[in-house]
1. Between A72 and A107, what length in nm is gained on full extension when 0.36 nm per residue of separation is reduced by their alpha carbon distance?
2. Taking amide H atoms as placed 1.01 Å from N in the peptide plane, list the residues 5 or more away in sequence, or in a different chain, whose amide H sits under 5 Å from that of E23.
3. Using a 7 Å offset from the Cα along the Cα-to-Cβ direction at both S16 and K208, what is the distance between the two label points in nm, to one decimal?
4. Projected onto the charge dipole of the range 1-73 (+1 at Lys/Arg Cβ, -1 at Asp/Glu Cβ, origin at the Cα centre), which of I59, T11, F70 gives the Cα projection farthest towards the positive end?
5. Only Lys, Arg, Asp and Glu count, each charged at its Cβ (+1, +1, -1, -1), so figure out the dipole size of the range 41-89 about its Cα centre, rounded to 20 debye.
6. Residues of the range 31-97: accessible area per residue at 1.4 Å, in Å²?
7. Pop out the carbon and sulfur fraction of the accessible area of the range 12-145 as a percent, whole number, probe 1.4 Å.
8. Hey, with R₀ at 30 Å, roughly what FRET efficiency would D50 and R2 work out to, going by the Cβ-Cβ distance, to 0.05?
Amino acid sequence: MRQIVLDTETTGLEVSQGHRVIEIGCVELVNRKPTGNHYHQYINPQREIDQGAIEVHGITDDFLADKPVFAAIAGSFIEYIRGAELVIHNAPFDIGFLNSELQRLPAGGGCVEDLCTVTDTLVMARSKHPGQRNNLDALCLRYQVDNAQRDLHGALLDAEILADVYLAMTGGQTALQLSDSGNDNDGHARAEQIIRLPANRAKLLVIKATAEELAAHEIQLQAIAAASGGRVLWRGITNGERTDVST
């Protein structure tokens, strides 16, 4: 199974306002294992970047001035993602921008959904953690994924972080919440690290009850039965073995 964890950076928030893709970052997973076959590309959007967007990702117009336009890299990008399952956080945002870029191609590039299936990890997270924050930073905290280098957003860095989050989120139970004590101060479940014991560990020492302990246990059972009118079904110990005792 080939999956591509994908993220983009853009000139602004609204594709309907003519904003463009300026960075694509992808991480390849095969059978849920990172292969190291990443895809990363900066793109000249042929328009100015909104100041608010620069404050998020730090990419400037000057930096992109000598980068290729989308049409120049479209072929390699399409071949990289073709036939894979795309894993994206808040997929409608990235897919909307990528489809807009594909449709600008001279021959028309169709849409991403014609090339790939798409899994939205934001939808998955909201289903698993309803009523909680499910942005990428919150998921990193919940699943103990290190995002210390994420001072600014970057497509490849965010794709690498999302790959770790996705594998943790879909790899089985990582936390068991039995009471409010399992929450942090904001009411969000804390992820507990799973510690697996070695298969070749020494066997546990079994200490059987002594004759004195068995006699004391029997006296306690009789006292419980007397107090309840003889209607107790109790699981007790006889000769060091568990057995059902009814009275």
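The values are calculated or read from the model by the stated rules, or taken from the named source; none is laboratory data. Remember, predicted model here, so these are calculated numbers, not experimental data. Because the Cβ atoms are built from the backbone with ideal geometry, glycine has one as well, and the counts that use them run over all protein chains shown. These accessible areas exclude ligands, DNA and RNA; they are computed on the full protein's heavy atoms, side chains included. Shrake-Rupley method; radii C 1.70, N 1.55, O 1.52, S 1.80 Å.
1. 11.3 nm
2. E9, I43
3. If labels sit at S16 and K208, their model points lie 7.8 nm apart.
4. Toward the positive end, the furthest listed residue is F70.
5. So the magnitude is around 220 debye.
6. 52 Å²
7. Percent of accessible area from carbon and sulfur atoms in the range 12-145: 51.
8. Efficiency computed from Cβ-Cβ geometry: 0.30.
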